[in-house]
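One structure below.
The values are calculated or read from the model by the stated rules, or taken from the named source; none is laboratory data. This is a predicted model, so every value here is computed, not measured. As a convention, Cβ positions derive from the backbone with ideal geometry for all residues, glycine included, and neighbour counts pool all protein chains shown. Keep in mind that these areas ignore ligands, DNA and RNA; they rest on the heavy atoms of the full protein, side chains included. Shrake-Rupley method; radii C 1.70, N 1.55, O 1.52, S 1.80 Å.
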Amino acid sequence: MKRGFRLASVLRARQAQEDAARGEVLRARNRAAVAAEAADARDRNLAAHTLPGEDTARALVAALTARQAMAASLAVARQLAGLAEATVAERADELTAAAQRRRTVEKLAERHAEQQRRQDQQADQSALDELSTTDAQRSAAREVRP
């Protein structure tokens with residue numbers, strides 16, 4: 001008697017969860033790349049910023065204040081990039097867990113398919129045994145006839 005795999009819907013759900021987790025990893029990687037690029041851009045801006053050649057105190061104070069603001073902005077950008085990378089790692093862990101859950105159900109499906117195959121082979125073998133037994137009995141009955 002053939003039975004379908006009862007957990008087929010669970011397997012489809014697990015595959016969908018894994019696909020969603022994979023999408024989250026890709027989005028997180030994209031956000032991390034954007035954050036890293038923003039930090040790099042701020043770093044380049046800070047490196048390119050030069051102090052004025054004038055010797056006035058106001059110009060020098062303004063330039064130093066601007067550099068300090070740029071450095072603070074760079075620090076925030078680097079912090080955001082680090083958080084984005086941490087999010088990527090979390091999403092990757094979630095993807096790994098989703099893949100493991102899917103694989104667990106897949107193994108059950110494979111075992112079920114193997115069990116069905118063995119049962120089918122046993123049923124076929126029983127049918128062949130029955131045919132050969134009845135054929136041998138018929139042949140023996142023909143030989144016994146007077």
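Think of each Lys and Arg Cβ as +1 and each Asp and Glu Cβ as -1; about the Cα centre, that makes the dipole of region 83-124 roughly 160 debye.
Spin-label pair Ala57-Ala72: with each label point 7 Å from Cα along the Cα-Cβ axis, the two points sit 2.3 nm from one another.
Computed from label points 7 Å out along Cα-Cβ, the spacing between Ala41 and Ala113 is 4.9 nm.
At full extension, Leu64 and His49 could sit 4.4 nm farther apart than now, given 0.36 nm per residue minus the alpha carbon distance.
Subtracting the Cα-Cα distance of Ser126 and Asp19 from their residue separation scaled by 0.36 nm leaves 34.1 nm. Each Lys or Arg adds one and each Asp or Glu takes one away; over the other residues whose Cβ falls under 15 Å from the Cβ of Asp19, this sums to +4.
For region 39-146, what does the accessible surface come to per residue with a 1.4 Å probe? Please give it in Å². Numbers along the way, then the final one.
Working: 8100 Å² over 108 residues.
Normalised by residue count, the accessible surface of region 39-146 is 75 Å².
As I understand it, the dipole of the chain uses +1 on the Cβ of Lys and Arg and -1 on the Cβ of Asp and Glu, about the Cα centre. Which of Ala123, Ala8, Asn30 lies farthest toward its positive end? My answer, from the dipole projection, is Ala123. Building the convex hull from the alpha-carbon atoms of the chain and averaging its projection over directions returns 12.7 nm².
Counting only protein heavy atoms, what percent of the accessible surface of region 9-146 is carbon or sulfur at a 1.4 Å probe?
Working: 5420 of 9990 Å².
For region 9-146, the apolar C and S fraction of the accessible surface comes to 54 percent.
Relative contact order for the chain: what is it in percent, counting Cα pairs under 8 Å that are at least 6 residues apart? It would help to have the intermediate numbers written out before the result.
On the way: 80 pairs, mean separation 58.1, N = 146.
For the chain, the relative contact order is 40 percent.
Here the simple spin-label model places points 7 Å from the Cα toward Cβ, and for Arg12 and Glu143 these points are separated by 5.7 nm.
The convex hull drawn around the Cα atoms of region 73-113, when projected onto a plane and averaged over every direction, covers 2.4 nm².
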